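Data block below; observations after.
The values are calculated or read from the model by the stated rules, or taken from the named source; none is laboratory data. Here the structure is a predicted model, which is why all the values come from computation and not from measurement. Positions of Cβ are backbone-derived with ideal geometry, glycine not excepted, and every protein chain shown enters the neighbour counts. Protein only, heavy atoms only, side chains kept; ligands, DNA and RNA dropped before computing areas. Shrake-Rupley method; radii C 1.70, N 1.55, O 1.52, S 1.80 Å.
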Amino acid sequence: MAGGGGEGASLEFTPTWIIAIVCAVIIFMSLFFERFLHYVGKALKHKKNFALFEALLKVKEELMLLGFISILLSVFQGAIQRICIEDSVMLHGLPCKREPADSVSHLSSIRHYQTNFPLHFTGMRTLLASGSKGSGHCKNGKVPLLSLEAIHQLHIFIFFLALTHVVLSLITVVLGITQMRDWKSWEAKIQEEDDTADKMVSHVRELPFIKKRFKENAIVGWLHSFGKQFYGPITIDDYRTMRLGFIMMHCSWNPKFNFYKYMIRALETDFKKVVGISWYLWALVIVFLLLNVNGWHAYFWISFVPFTLLFILGAKLEHVISDLAKKVVDRHIAIIGNLVVIPSDDLFWFKSPKLVLFFIHYILFQNAFETAYFFWILTIYSFDSCIMGKAAYIIPRLIFSVIIQVVCGYSTLPLYAIVSHMGSRFKKAILPDHMHESFEQWLATAKKNKLKGKKTTNEDTAGDKLRGALNRNRATNGGDQTHVVAQSGVEMHEIQEEPEQETEIEIGIHK
């Protein structure tokens with residue numbers, strides 16, 4: 001480039017004070033954000049909220065991946081531009097309809113997404129017009145694979161996508177916890193109830209939970225479940241019944257088990273999974289970008305998938321509660337004492353409660369993609385740009401996004417938070433946070449020894465660490481001891497209190 005400064009000047013002809021100021025601002029903003037995340041992490045550790053702390057570490061991992069992708073795009077942009085392809089290839093799969101060749105210049109044919117619209121966000125003008133290295137080496141009839149502006153716009157889009165996914169996931173969890181705020185008072189009320197009162201005989205169909213949830217006709221039951229997700233999806237009778245069912249199946253020795261705290265810890269752990277962008281979600285991004293062809297309106301039709309799946313998922317979660325009621329009616333006419341439901345994996349799709357979290361993860365990511373794509377186009381181009389599409393296709397997508405965000409936060413997530421525990425197993429959140437690391441170390445050693453055909457003994461180093469952690473927990477709780485048994489080397493099967501005279505902690509693996 002020519003000297004003398006100006007819009008196209010390189011660093012060779014840029015005043016040093018400008019370079020220093022720009023670098024100082026960027027470094028200051030980066031350090032400020034890094035310190036902010038650091039102090040948030042310290043606050044979470046101070047409050048012993050290790051699940052959310054792990055979620056924060058997951059956010060940092062996503063930011064690091066985002067930075068790595070950005071670095072790769074920057075480093076290889078020269079190599080990408082040196083790849084020349086036939087100009088005719090550029091006529092296929094365009095997001096915008098290209099004008100006739102005789103009415104546009106050769107420059108217009110290689111400026112992706114930039115034929116008619118300015119770059120509002122960066123104010124950046126094309127570098128190709130100045131005969132830069134990216135386009136000068138291509139022979140007549142050939143163009144670079146990707147222009148500099150297109151690469152720069154990809155930087156911005158990836159940033160928008162990652163940021164939007166994290167923010168919307170956080171908003172969803174906050175909305176869900178806000179919706180569950182009454183559950184804490186329900187738990188306190190149940191804890192205060194007298195368990196020694198005389199147990200009465202009750203007709204099953206007269207119980208409030210059964211009367212509200214049980215439907216004779218299967219079609220009516222599904223319609224009721226579909227509608228119930230929109231108004232008071234969980235009542236105190238639902239909470240009381242599912243809580244008791246969980247306690248009687250997994251920790252019957254502790255009727256005062258705090259089910260609410262367990263749910264919140266489990267939800268915070270699941271948030272760590274939801275806030276991440278897995279490899280299959282990045283694969284979906286590639287597919288979505290590939291389908292953005294002029295005239296297909298692919299994003300409009302794709303937006304129906306998470307919208308429909310969300311309501312199906314909510315209906316399924318409500319129907320799991322109805323199935324719990326139906327099983328009680330099928331087995332009993334009358335009961336003595338409190339109503340006890342039986343959690344089971346058979347109530348869920350493919351006998352997998354974890355599949356529900358996968359669907360929620362996909363729905364939130366798809367919604368984040370829609371939102372990020374809209375604001376990216378609005379920022380880079382304008383609402384009237386051809387790549388944005390017609391308003392008749394844009395407005396419904398925006399409405400879908402808002403509905404998905406609200407319904408998922410206020411209905412689907414609270415339903416998942418409690419119904420996901422109606423499976424045959426419980427989650428590791430049942431352990432206190434400070435015991436997770438010791439247990440996971442012991443569990444990893446147990447799995448390793450099992451694969452080697454060795455028997456896990458109490459002399460295992462990881463087992464010693466776990467016993468030490470449990471003994472410390474016993475001392476903290478005034479002498480209470482904990483009995484731990486791991487089922488199939490996969491998860492905890494029992495956690496119960498032992499008589500005070502016992503001094504050993506038994507650790508074993510049930511086949």
Give me the net charge for the shell around H319: Cβ to Cβ below 14 angstrom, other residues only, Lys and Arg +1, Asp and Glu -1.
+3
Given R₀ = 30 Å, FRET efficiency for L378-R98 by Cβ-Cβ distance, to 0.05?
0.85
The distance between the Cα centres of region 206-271 and region 335-384, in whole Å, is 18
Going by accessible area, probe 1.4 Å, with all protein chains left in place, what is the ranking of E54, E61, largest first?
E61, E54
Between F13 and N254, the two model label points (7 Å from Cα along the beta-carbon direction) sit apart by a distance in nm of 7.3
The extension gain from L57 to K450, computed as 0.36 nm times the residue separation minus the Cα-Cα distance, is 138.4 nm
At R0 = 25 Å the Cβ-Cβ FRET efficiency linking I85 and L291, nearest 0.05, sits at 0.75
Could you tell me which of rounded, prolate or oblate describes region 152-201, using a ≥ b ≥ c as the square roots of the eigenvalues of the alpha-carbon gyration tensor, with rounded for a/c under 1.5 and, failing that, prolate when a/b is larger than b/c and oblate otherwise?
prolate
Can you list residues from other chains, or at least 5 along the same chain, whose modelled amide H is less than 5 Å from the amide H of C96?
N294
Area accessible to solvent at S70, 1.4 Å probe radius, in Å²:
40
Check I85: other-chain or 5+ apart residues with amide H under 5 Å from its amide H, H built from backbone geometry?
V143, L145
Among the lysines, which fall within straight-line cross-link reach of K215, defined as a Cα-Cα distance under 25 Å, with same-chain neighbours fewer than 8 residues apart omitted?
K228, K316, K326, K327, K351
Reachable lysines, given that their alpha-carbon falls under 22 Å from the alpha-carbon of K256 and they are not under 8 places away in the same chain
K184, K189, K199, K427, K428
Looking at region 142-244, which chymotrypsin sites (Phe, Trp or Tyr not before Pro) are DSSP coil and have at most 16 other C-beta atoms within 10 Å of their C-beta?
F230, Y231
Does region 300-402 come out rounded, prolate or oblate by the C-alpha gyration tensor, with a ≥ b ≥ c the root eigenvalues, rounded set by a/c under 1.5 and, if not, prolate when a/b is larger than b/c and oblate if not?
prolate
Quick note, region 198-294: a/c under 1.5 would make it rounded; otherwise a/b > b/c is prolate and the rest oblate (a ≥ b ≥ c, C-alpha gyration tensor); here it is oblate
